[in-house]
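The values are calculated or read from the model by the stated rules, or taken from the named source; none is laboratory data. Being a predicted model, the structure only gives us computed values, none of them experimental. Here the Cβ is made from the backbone with ideal geometry for all residues, glycine too, and neighbour counts use every protein chain on show.
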Amino acid sequence: MQKGLKGIVAAETQISHIDGIEGKLTYRGFEIGDLSRFSFEEVAYLLWYGKLPDQEKLQKLKDELIKNRTLPLHIKNILDHLPKDMDLMSIIRTAISSEGVASYGWKPSIEQAIRLTSLVPTIISYWTCLKNGKPYVEPSEDLSHVENYLYMLNGEIPSKAHTLALETYMILTLEHGMNASTFSARVTASTESDMVSAATSAIGTMKGPLHGGAPSGVIDLLDEVRSVGSAERVIRRKLENGEKLMGFGHRVYKTHDPRAVALKAKLLDIVGEDEWLDLALDVEKTAVALLKEYKPGRSLYTNVEFYAAAIMKAIQLDSNLFTPTFTASRMVGWTAHILEQAEDNTIYRPQSIYTGQFHDTTSLNT
Ligand code: ACO
C-alpha cells in the first residue's frame, strides 16, 4: 500500500510534465520559463486547447473572458448574506458552487472552463470590497484578465510592472500535474458529475494548508529578517533549532524549482528597485549557503512559494489574497484536467485495506 498514493500513477495526461530531477516543468510541451513572455490568456488557451492561439482565436478568448466577468445577481445576493468572518477560500467555494445550474451537465465544455476562470477574480474582489466597506468596482470591459483583477481590487488601473509581476506568477501557477486539488477535480469529474462540482471539490482541496496554504510563512521569515544584512543571524538560529525554512525545498523538485527560477528572473526584470525584492534576494543567498552547511548533500533551494511571497509583497497584495489568487490561476489547470478526464473517462475507485475487527452479532446481548 502507498499511503497518500505517493508515487502512484493515476492518469495519463498531455497537459503538463514535471521533471523533478532536472527541475523542468512544461505545459503542453513548452518550458514554463519560455511561456512567461506570453499573456495569461495565451497560456490559458494553450492549456485548454493544446496549442497557442493565433490573433483571431486569442481575441475571441479575451472577449469570452470579458463577457463572463460580471457576477450574476444570485451570486451577489449569496455573497451579501454570507457571514463576514467567513474565510475567502470558503467564499470562493460557496460562490462557484452556486454556479451549478442545469446548463452544466455532462460533458464539461471549454465555455464552462472560461466562465469559471472569469468569475473567480470578480468573486474575490466583490467580497474584498464588501468586507472592507468599500464600493464594489465593476469589472472593466477593456482590461486584460490580470489587469482587471488588480483594477477591481484597488479601484485604479494597475501599473505595467505590477500587472506583469502578477501575470508571471499566475502563468507559472496555472498548472502543476497531479497535485491534490487537480486529483480532487478529476475524481469528481470521473463520476460524470458536472464541471462546477469538480471545480468546487478542487477549491475545497486547495484550501488546506498542506496544499494551497499561502506563502505566509515566507512573509513571516522576511518580516523577521526585516533588513538586508540581518539574514544570517535569524536563519542560523532557525536551523540550529531544527526549524524548516519556509519557501525552501520541494517534495518533487530535487534541484531548483523552475517556477521559482522563472519568477525570480521576471521579478528582477520588471520590478527593478524594490525593498522587498532586495530583502528576498539577500535571504535566498544566505539561506542557500547555510542550508548547504546544515543539510549537506540535500540540494535545498527556493521553491515557488518563496518568490510568490516576494512578488505579492512587492505589488502590495494583502496576504489573505495569496491562496485565493493561486486559486484564480489554478482554475485553468483544474478545468483543463476536468476536460481531459471527460475525454476518456473511467471512474476513480481505489481500494482500502480494512484494519478493524470482525464481530459476530450472535454473541451480543440485545
Ligand atoms: N529548511 C530546512 N531544512 C529542510 C527544508 C527547509 N525548508 N526542507 C527540507 N529540509 C531538510 C529536512 O529537514 C531533511 O533533513 P534530514 O534529512 O536531516 O532530516 C532533508 O532536508 C530532506 O527533507 P524532507 O523533509 O525529506 O524533504 P521533502 O522533500 O519530504 O519535503 C518540503 C519537502 C515538505 C517542501 C520541505 O522542503 C519543507 O517543509 N519546506 C518548507 C515548507 C515550504 O516551503 N513548503 C512549500 C513547498 S512548494 C509548494 O507546495 C507549492
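Table: residues versus (1) within 9 Å of the ligand (Cβ to nearest atom); (2) at positive phi; (3) in contact with a Phe, Trp or Tyr (Cβ under 8 Å, 6 or more places away or on another chain); (4) touching a residue at least 60 places away in the same chain (Cβ under 8 Å).
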position	(1), (2), (3), (4)
Glu192	no, yes, yes, yes
Met195	no, no, yes, yes
Pro209	no, no, no, no
Glu243	yes, no, no, no
Leu267	no, no, yes, yes
(request) For Val218, indicate whether it is in contact (Cβ under 8 Å) with a residue 60 or more places away in the chain and either within 14 Å of the ligand (Cβ to nearest atom) or in contact with a Leu (Cβ under 6 Å, 6 or more places away or on another chain) (or both). (result) yes
(message) When you check Thr117 against the structure, is it surrounded by fewer than 20 Cβ atoms within 10 Å (Cβ to Cβ) and either closer than 23 Å to Gly155 by Cα or charged (D, E, K, R) (or both), yes or no?
(response) no
(message) Against the condition surrounded by 18 or more Cβ atoms within 10 Å (Cβ to Cβ), within 15 Å of the ligand (Cβ to nearest atom) and closer than 30 Å to Ala199 by Cβ, how does Thr286 come out, does it pass?
(response) no
(message) Going through Thr327, Thr323 one at a time, which residue ends up being at pLDDT below 95, within 30 Å of Arg115 (Cα to Cα) and assigned by TED's automatic domain parsing to the domain that holds Asn148?
(response) Thr323
(message) Of the conditions (1) part of a loop (DSSP other than H, G, I, E, B); (2) within 14 Å of the ligand (Cβ to nearest atom); (3) farther than 21 Å from Lys238 by Cα, Thr323 satisfies every one except a single condition; which number is it?
(response) (1)
(message) Suppose the filter is at pLDDT 85 or above, of a type in the set (D, E, K, R) and under 27 Å from Leu174 (Cα atoms); does Asp274 pass it?
(response) no
(request) Specify which of the listed residues (Gln341, Gln351, Gln316) is at positive phi and more than 13 Å from the ligand (Cβ to nearest atom). (result) Gln316
(request) Filter region 308-366 down to residues that are more than 30 Å from Glu156 (Cα to Cα) and of a type in the set (Asp, Glu) and give me whichever is surrounded by the fewest Cβ atoms within 10 Å (Cβ to Cβ). (result) Asp360
(request) Please enumerate the residues belonging to region 31-76 that are among the charged types (D, E, K, R) and over 16 Å from Glu111 (Cβ atoms). (result) Glu31, Asp34, Arg37, Glu42, Lys51, Asp54, Glu56, Lys76
(request) Say whether the condition of being charged (D, E, K, R) and closer than 22 Å to Ala198 by Cβ is met by at least one residue in region 92-99. (result) yes
(request) Output the residues belonging to region 140-166 that are surrounded by fewer than 20 Cβ atoms within 10 Å (Cβ to Cβ), of a type outside the set (Ser, Thr, Tyr) and assigned to a loop (DSSP other than H, G, I, E, B). (result) Glu141, Asp142, Leu143, Gly155, Glu156, Ile157
(request) Looking only at region 273-280, decide whether some residue is of a type outside the set (Gly, Ala, Ser), near the ligand (Cβ under 8 Å from one of its atoms), outside any loop (DSSP other than H, G, I, E, B) and not assigned by TED's automatic domain parsing to the domain that holds Leu25. (result) no
(message) Out of Arg226, Arg251, Arg298, Arg237, I need the residue that is away from the ligand (no atom under 13 Å from the Cβ) and surrounded by fewer than 15 Cβ atoms within 10 Å (Cβ to Cβ). Which one?
(response) Arg226
(request) Go through (1) in contact with a strand residue (DSSP E or B) (Cβ under 7 Å, 6 or more places away or on another chain); (2) more than 21 Å from Met178 (Cα to Cα); (3) not hydroxyl-bearing (Ser, Thr, Tyr) and name the single condition Val283 misses. (result) (1)
(request) Please determine, by comparing only the residues of region 188-223 that are modelled with pLDDT under 95 and of a type in the set (A, V, I, L, M), which one is surrounded by the fewest Cβ atoms within 10 Å (Cβ to Cβ). (result) Leu210
(request) Run Leu291 past the list (1) at pLDDT 90 or above; (2) part of a loop (DSSP other than H, G, I, E, B); (3) in contact with a Phe, Trp or Tyr (Cβ under 7 Å, 6 or more places away or on another chain) and report the number of the one that doesn't hold. (result) (2)
(message) Is it the case, given these coordinates, that Ser329 is touching a Pro at 6+ places or on another chain (Cβ under 9 Å) and either under 24 Å from Ser193 (Cβ atoms) or away from the ligand (no atom under 12 Å from the Cβ) (or both)?
(response) no
